[in-house]
């Protein structure tokens, strides 16, 4: 128990370190963009490579990717329905900032440290489906809603093709299922980089963390209440109803309570939408997820 709490405390301490370093001027607000590029394009893809390398995936577990995709689509629907009487811009905001999970930058480091290789594989498969929503899908749909455009699968496909983590998931999953292994030197190289993913991801969260304006709390609490209520339903269903091993079901419970996707503020800004509300919402969801996930890990392990 003491070792578990110490390790969880270290994750929180790294987030606090990042926030403190930005507060004293060591990092600037713009450095978040640099750190996020390092995580999303370098350390996270390396962690994906190492998580799939040398592991055998039961084809039945591919259903986990569908769970990740399905949950993301439900969240997108919630975001749209909650703003049904709003403007196209408000609907687009809801779609982007309610959908998707921050798994690679937030939940994966927890799983790597606490749930072992089975948990990592489960997380990676879940994130394959989730990535289709939060790394291109939700943005493509939101852009079409905001601009009054017709639905275009080709536009969503182009967004996904530009996502380094998603393409890495796709390549590694294909190699794994076809029995093709990467050269040992490549895996070793990726492993060295992957070791930095947990630290870099937590530091990035700290640097980008923003305390929400009190005037925004009503909108933030409304979205978070819907999000975590659905997360609780998903967690209960996955744990008690799915025919997977205990380790897999435990990982799915943790995944259900992951915070809102880290790319949401960037996509919100790209649509010239309410970035301030998006950043505040993202930061509050991180706080909620830290408390819930650490509590759940204490109960389950």
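Give me a count of the residues in region 17-56 that are at pLDDT below 85, under 17 Å from residue 286 (Cβ atoms) and not in a loop (DSSP other than H, G, I, E, B). The number of residues fulfilling the criteria is 6.
Pairs linking a residue in region 107-124 that is over 13 Å from residue 52 (Cα atoms) to a residue that is at pLDDT below 80 and assigned to a helix (DSSP H, G or I), with Cβ atoms under 6 Å and 6 or more positions apart or on different chains, are 109/198; 109/201; 113/7.
Residue 221 falls short on exactly one of the conditions (1) under 20 Å from residue 291 (Cβ atoms); (2) in contact (Cβ under 8 Å) with a residue 12 or more places away in the chain; (3) surrounded by 12 or more Cβ atoms within 10 Å (Cβ to Cβ), and that condition is (2). The residues of region 152-168 that are within 26 Å of residue 87 (Cα to Cα) and in contact with a helix residue (DSSP H, G or I) (Cβ under 6 Å, 6 or more places away or on another chain), listed by number, are 155, 156, 159. Could you check, for region 202-214, whether at least one of its residues is closer than 20 Å to residue 61 by Cα, in contact (Cβ under 8 Å) with a residue 60 or more places away in the chain and either surrounded by 21 or more Cβ atoms within 10 Å (Cβ to Cβ) or touching a helix residue (DSSP H, G or I) at 6+ places or on another chain (Cβ under 8 Å) (or both)? No, that holds for no residue. Counting only helices (runs of 4 or more DSSP H) wholly contained in region 110-218, the ones carrying 1 or more residues that are more than 22 Å from residue 18 (Cβ to Cβ) and within 14 Å of the chain's Cα centre (by Cα) occupy 116-132, 138-147, 164-177. The single condition among (1) in contact with a helix residue (DSSP H, G or I) (Cβ under 7 Å, 6 or more places away or on another chain); (2) assigned to a helix (DSSP H, G or I); (3) touching a residue at least 40 places away in the same chain (Cβ under 8 Å) that residue 239 does not satisfy is (3). The set of residues from region 215-227 being in contact with a helix residue (DSSP H, G or I) (Cβ under 8 Å, 6 or more places away or on another chain) and modelled with pLDDT of 85 or more comprises 220, 222, 223, 224, 226, 227. The residue pairs whose first member lies in region 289-301 and is touching a residue at least 40 places away in the same chain (Cβ under 8 Å) and on the phi < 0 side of the Ramachandran plot, whose second member is part of a helix (DSSP H, G or I) and surrounded by fewer than 16 Cβ atoms within 10 Å (Cβ to Cβ), and whose beta carbons are closer than 6 Å, counting only pairs six or more residues apart or on different chains, do not exist in this structure.
The values are calculated or read from the model by the stated rules, or taken from the named source; none is laboratory data. All values reported here derive from a predicted model rather than from experimental measurement. No Cβ is skipped: glycine too gets one built from the backbone with ideal geometry, and neighbour counts run over all protein chains shown.
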